[in-house]
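To start, the structure under review is shown below, and the notes come after it.
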Amino acid sequence: MKAMALRDPVGLDQLGLEDRPDPGQPGRGEIRVRLQGSTLNFHDLGVVTGRMGAVPGRIPLADGGGVVEAVGTGVTEFAVGDAVVSCFFPDWEDGVAPLGDFSRTPGDGLDGYAREAVVVPARFFTRAPKGFSAVEAAAITTAGLTAWRALIGDGQLKPGDTVLLLGTGGVSIWALQIAKMMGASVAITSSSGEKLERARGMGADFTVNYRETAEWGRAVRDWTGGLGVDHVVEVGGPGTVAQSIEAVRLGGHISLIGVLTGGAGEVPTAALMAKQARLQGLIVGSRRQQRDFVRALDGGAIRPVIDRTFALEELADAFRYEASAAHFGKIGVAW
């Protein structure tokens with residue numbers, strides 16, 4: 001089978017198409033999936049550029065959508081022909097996360113889905129949302145489920161709540177769609193007026209250009225009449241968390257799900273205490289939460305925003321496009 005793999009030394013220029021052995025037929029408790037599409041995440045970019053400590057030979061991409069080609073004995077959840085989508089943490093069925101690293105994440109600690117076929121335990125996948133293409137389904141694995149958990153699973157979002165989203169990448173655009181589906185009001189930031197206009201077209205109620213408005217946290221709080229927002233999906237990290245605390249209401253919820261501005265930095269602890277807000281770090285979600293998300297998507301109210309789709313052999317170019325930050329929503333890869 002064909003697969004994209006990292007060569008030594010790890011880097012985008014060393015990402016190439018290889019012939020790998022076919023994975024064969026599934027054993028007990030396993031399924032064989034014909035993979036057809038994926039989407040890119042900031043985490044994947046860290047792997048392929050070497051920032052995440054990837055090993056030479058690793059097959060990247062945490063997201064994978066495809067069709068079941070064969071099932072092993074004892075598998076009752078899937079049948080041949082089922083459309084399926086991968087899980088970011090395949091060993092996390094429910095409850096508290098069993099680990100806090102990426103040692104068991106496909107595309108990082110394990111080989112990922114930038115290949116034509118895979119044979120894995122059935123728990124590595126769930127059913128895909130009805131009517132989704134492989135690329136659209138793959139968009140839920142990392143970005144979609146992160147947004148779902150932040151707002152629904154942990155945030156307990158209710159109709160009428162207010163939400164602040166940072167930027168217009170995959171997680172934020174998923175969160176915009178989920179929040180509007182639930183009847184919430186949404187504020188969103190960007191440095192691009194064009195992207196803010198697109199977000200307004202998708203239902204964003206308030207937009208702010210953070211390059212033009214340095215105190216965007218206060219601007220968002222003013223939009224709520226001085227109360228602050230109920231939820232913040234915080235993707236920036238140390239460079240933005242102070243503004244997110246400024247924007248959140250007393251007793252509100254900040255989901256820390258990204259580190260785009262760095263892995264460490266100062267947090268205004270006195271301001272956080274004064275707000276009595278919950279600052280929660282989270283990484284994607286469990287398999288049960290993914291099944292819940294799929295059921296919600298089966299209703300057909302929303303579909304992922306795919307900015308552009310590349311061929312598998314163009315994967316390095318797809319990552320370069322991601323690094324440019326020109327995209328709105330998700331970047332797809334199809335084969």
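Data overview
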| quantity | calculated |
| --- | --- |
| Checking residue 148 against (1) under 20 Å from the mean Cα position of the chain (by Cα); (2) assigned to a loop (DSSP other than H, G, I, E, B); (3) of a type outside the set (Val, Ile, Thr), the condition it does not meet | (2) |
| Test: residue in segment 215-234 that is part of a loop (DSSP other than H, G, I, E, B), of a type outside the set (Gly, Ala, Ser), modelled with pLDDT under 95 and surrounded by 15 or more Cβ atoms within 10 Å (Cβ to Cβ) | no |
| Matching option when the condition is crowded, with 19+ Cβ neighbours inside 10 Å and closer than 21 Å to residue 158 by Cα, among 258, 285, 300, 251 | 285 |
| Given (1) assigned by TED's automatic domain parsing to the domain that holds residue 171; (2) farther than 15 Å from residue 171 by Cα; (3) assigned to a strand (DSSP E or B), index of the condition residue 255 fails | (2) |
| Hey, residue 129 at pLDDT 95 or above, part of a loop (DSSP other than H, G, I, E, B) and crowded, with 22+ Cβ neighbours inside 10 Å or not | yes |
| Residues satisfying the stated conditions in segment 100-116, i.e. among the aliphatic types (A, V, I, L, M) and either surrounded by fewer than 22 Cβ atoms within 10 Å (Cβ to Cβ) or free of Cβ contacts under 8 Å to residues at least 24 places away in the same chain (or both) | 110 |
| Residue match in segment 235-243 (condition: closer than 30 Å to residue 123 by Cα and buried (at least 22 other Cβ atoms within 10 Å of the Cβ)) | yes |
| Flag if residue 301 is modelled with pLDDT of 95 or more, among the hydrophobic types (A, V, I, L, M, F, W, C) and over 14 Å from the mean Cα position of the chain (by Cα) | no |
| Verdict on residue 310 being touching a Gly at 6+ places or on another chain (Cβ under 8 Å), assigned to a helix (DSSP H, G or I), outside the structural domain of residue 230 (by TED's automatic domain parsing) and not charged (D, E, K, R) | no |
| Residue within segment 160-173 that is surrounded by fewer than 24 Cβ atoms within 10 Å (Cβ to Cβ) and free of Cβ contacts under 8 Å to residues at least 40 places away in the same chain present | yes |
| Any hit, segment 114-124, residues being at pLDDT 95 or above, in a loop (DSSP other than H, G, I, E, B) and either touching a His at 6+ places or on another chain (Cβ under 8 Å) or outside the structural domain of residue 183 (by TED's automatic domain parsing) (or both) | yes |
| Matching entry among 178, 152 (being surrounded by 23 or more Cβ atoms within 10 Å (Cβ to Cβ), under 25 Å from residue 300 (Cα atoms) and among the aliphatic types (A, V, I, L, M)) | 178 |
| Exclusive hit being in contact with an Asp or Glu (Cβ under 7 Å, 6 or more places away or on another chain) and acidic (Asp, Glu), set 111, 161, 94 | 161 |
| Within segment 1-99, strands (runs of 3 or more DSSP E) holding 2 or more residues that are buried (at least 19 other Cβ atoms within 10 Å of the Cβ) | 2-6, 30-39, 65-71, 83-86 |
| Cβ-Cβ under 8 Å pairs, at least 6 apart or on other chains, segment 13-37 side in contact (Cβ under 8 Å) with a residue 60 or more places away in the chain, far side among the aromatic types (Phe, Trp, Tyr) and in a strand (DSSP E or B) | 31/125; 33/125 |
| Qualifying residue in segment 246-261 (condition: touching a Pro at 6+ places or on another chain (Cβ under 8 Å), of a type outside the set (D, E, K, R) and at pLDDT below 95) | yes |
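The values are calculated or read from the model by the stated rules, or taken from the named source; none is laboratory data. Bear in mind that the values here come from a model prediction, so they are computed numbers and not experimental data. All Cβ positions, even for glycine, are placed from backbone atoms using ideal geometry, and neighbour counts span all protein chains on display.
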